[in-house]
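Have a look at the structure below, then the notes.
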Amino acid sequence: MTKFFLTLHVLAAIIAIGPVTVASSMFPATLRRARADPQDTAAVSSLRLLQRICSVYAFVGVAVPVTGFATASSLNVLTSAWLIASIVLTMAAAVVLIILVLPRQEAALAAVAGEGGDGEGGQLADGAGTVVLGERASTRLAMYTGVFNLLWATVTVLMIIRPGSTTGA
């Protein structure tokens with residue numbers, strides 16, 4: 001059963017997290033392109049697609065920790081330091097995505113596409129408060145995306161190396 005859970009866990013990570021890391025990384029550059037030329041409908045369409053990929057696959061990404069817990073339980077490693085560190089980093093990555101990346105993507109898309117905001121590419125109110133888009137919106141979004149990606153890369157390394165693991169590597 002362990003191999004089955006591990007297979008599901010790895011597939012979930014590749015299928016769900018991979019698209020989010022790529023799409024979120026592409027979003028800031030596409031935002032700069034769309035803001036530079038408001039008539040560029042291809043850039044706005046690309047922003048819509050990238051934001052949709054991030055939102056949908058973020059939801060699908062819930063399968064990664066679920067299958068991860070099933071795998072860890074079957075391996076009897078739930079109390080291992082490397083796993084606890086991975087869990088904490090995974091939670092941090094989820095918070096960065098949900099609180100910092102996705103709302104700013106939605107606000108940027110709405111501002112660029114004229115679907116809300118203040119009509120000047122400025123701000124959009126959401127459940128977490130008001131996200132203000134200024135001159136450096138794409139730079140900040142790139143930074144938050146980089147933090148998200150770095151957290152996932154660290155989790156991946158911990159999952160492969162498993163420092164101190166007695167289950168073999």
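The values are calculated or read from the model by the stated rules, or taken from the named source; none is laboratory data. All values derive from a computational prediction rather than experimental measurement. Note that we place each Cβ from the backbone using ideal geometry, even for glycine, and neighbour counts take in every protein chain shown. We work out accessible area using only protein heavy atoms, side chains counted, and drop any ligands, DNA or RNA first. Shrake-Rupley method; radii C 1.70, N 1.55, O 1.52, S 1.80 Å.
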Residue count for segment 44-67, restricted to those that are of a type outside the set (A, V, I, L, M, F, W, C), within 15 Å of ALA93 (Cα to Cα) and in contact (Cβ under 8 Å) with a residue 40 or more places away in the chain: 3
Evaluation of ASP126 against (1) closer than 30 Å to THR7 by Cβ; (2) in contact with a Pro (Cβ under 9 Å, 6 or more places away or on another chain); (3) modelled with pLDDT under 90 (one fails), failing number: (1)
Single residue of LEU89, LEU78, LEU49 found to be in a loop (DSSP other than H, G, I, E, B) and either more than 30 Å from LEU6 (Cα to Cα) or modelled with pLDDT of 90 or more (or both): LEU78
Among (1) in a helix (DSSP H, G or I); (2) at pLDDT below 95; (3) open to solvent by less than 20 Å² (accessible area, probe 1.4 Å), the one test that SER73 misses: (3)
Out of THR7, THR2, THR30, sole residue that is within 26 Å of ARG140 (Cβ to Cβ) and either of a type outside the set (D, E, K, R) or loosely packed, with under 14 Cβ neighbours inside 10 Å (or both): THR30
